[in-house]
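Since the structure comes first, as structure tokens, the remarks are kept for the end.
The values are calculated or read from the model by the stated rules, or taken from the named source; none is laboratory data. Computed from a predicted model, the values in this text were never measured in an experiment. Don't worry about glycine lacking a Cβ; one is built from the backbone with ideal geometry, like all the others, and counts go over all protein chains shown. Calculation scope for accessible area: heavy atoms of the full protein, side chains included, ligands and nucleic acids excluded. Shrake-Rupley method; radii C 1.70, N 1.55, O 1.52, S 1.80 Å.
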Protein chains: 2
Amino acid sequence: MSMEEGTSKEPGYSCCTEDAFQWDTREDCEVRQILDRIGDKWSLLVIALLDNRSLRFSELKKTIDGVSQRMLTVTLRQLERDGLVRRTVHPVVPPRVDYELTPLGVTLHATIQSLVNWTETHQNQIALARAAYDIRTAAEKAGV
Amino acid sequence: MSMEEGTSKEPGYSCCTEDAFQWDTREDCEVRQILDRIGDKWSLLVIALLDNRSLRFSELKKTIDGVSQRMLTVTLRQLERDGLVRRTVHPVVPPRVDYELTPLGVTLHATIQSLVNWTETHQNQIALARAAYDIRTAAEKAGV
DNA sequence: CAGCATCCCCGGTGATACTG
DNA sequence: CAGTATCACCGGGGATGCTG
């Protein structure tokens, strides 16, 4: 990592240009950091699943195949910190904790849902493209 | 990659339910794999930048802050394999290679752009939420 | 200029055990 | 049930050097 960055910019600085055709991709850019968060292994799935309903920790854990308890906890804490998910602790035994999208989270959900929809719609095209690429590549390798 | 997948499901199997309220999150699900690809560290940035224009390798490298030559190459190969990016080699010296979105890539670009737009629009809200969370957390810790 | 091969590190992640 | 704490790992990714 770069170790000399603390002095380079003032607090209120907005790193993203208004030009839709070009935007700042600096690593310290707020947009980059948020995209990294959204694009991590689990956040997107959590937000997609928390569609206008609240789910318990165990329900999320059960629904998201492959997530460990630790990573689900970490992911939910990050999303809570970002103001995208609300965490509600019910003071009962055994403990019960519900998670739901905040209004801000709901607005993001819409965008993410369209990404999921795109994926579902085009998965066959991608599968075909991959197969074609692999065949082409194998042929070239054999042709050498 | 997983080496034991051929036996678990038949080819035409669609892992995602039609119910928009619930979808399959199994790790071997095609949608999961594609979302992982889209959500990796660099793919999203590349697609966002390749908005209806072609860019040279060096231009992409220069524009995307922090990407190494290796990772840019790897990312572009994956996107090419997925049929999202077209790679054009010009037989000149020094070599010149252009990258542009395929028609399929263009359709994804639209969705990704809306995600970027969401991020730009709400970055201040998120920054505030984070600050509030940190203060709250620090207070609780001190209160213990 | 573009990109492959190699080496190697480190932090994200899973596994496990323990608490309220 | 819903966490927290700790440890060990391995693979993503950077650095470097070489090729067409």
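The table below lists the values:
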{"item": "Number of positions in the stretch A:92-121 that are among the β-branched types (Val, Ile, Thr) and assigned to a helix (DSSP H, G or I)", "result": "7"}
{"item": "Cβ-Cβ under 9 Å pairs, at least 6 apart or on other chains, the stretch A:33-61 side closer than 18 Å to B:SER43 by Cα, far side among the basic types (Lys, Arg) and surrounded by fewer than 18 Cβ atoms within 10 Å (Cβ to Cβ)", "result": "A:ASP36/B:LYS41; A:GLY39/B:LYS41"}
{"item": "Search result, residues across the stretch B:34-66 that are within 12 Å of DNA strand C (Cβ to nearest atom) and not in a helix (DSSP H, G or I)", "result": "B:GLY39, B:ASP40, B:LYS41, B:SER54, B:LEU55, B:ARG56"}
{"item": "Pick from the stretch B:23-37, criterion closer than 12 Å to A:THR119 by Cα and touching a Lys or Arg at 6+ places or on another chain (Cβ under 9 Å), ranking: least open to solvent (accessible area, probe 1.4 Å)", "result": "B:ARG32"}
{"item": "Subset of the stretch B:58-109 that is of a type in the set (Asp, Glu) and away from DNA strand D (no atom under 11 Å from the Cβ) - its residue that is farthest from the other protein chains (Cβ to nearest Cβ)", "result": "B:ASP98"}
{"item": "Check on B:LEU35, at pLDDT 90 or above and within 20 Å of the chain's Cα centre (by Cα)", "result": "no"}
{"item": "Residues satisfying the stated conditions in the stretch B:38-56, i.e. surrounded by fewer than 18 Cβ atoms within 10 Å (Cβ to Cβ) and either more than 8 Å from every other protein chain (Cβ to nearest Cβ) or modelled with pLDDT under 80 (or both)", "result": "B:ASN52, B:ARG53, B:SER54, B:ARG56"}
{"item": "Hits in the stretch A:85-144 - residues which are open to solvent by 40 Å² or more (accessible area, probe 1.4 Å), more than 18 Å from B:GLY105 (Cβ to Cβ) and more than 16 Å from DNA strand C (Cβ to nearest atom)", "result": "A:ARG86, A:GLU100, A:PRO103, A:VAL106, A:THR107, A:ALA110, A:ILE135"}
{"item": "Matching entry among B:VAL97, B:VAL93 (being free of Cβ contacts under 8 Å to residues at least 40 places away in the same chain and over 20 Å from A:SER114 (Cα atoms))", "result": "B:VAL93"}
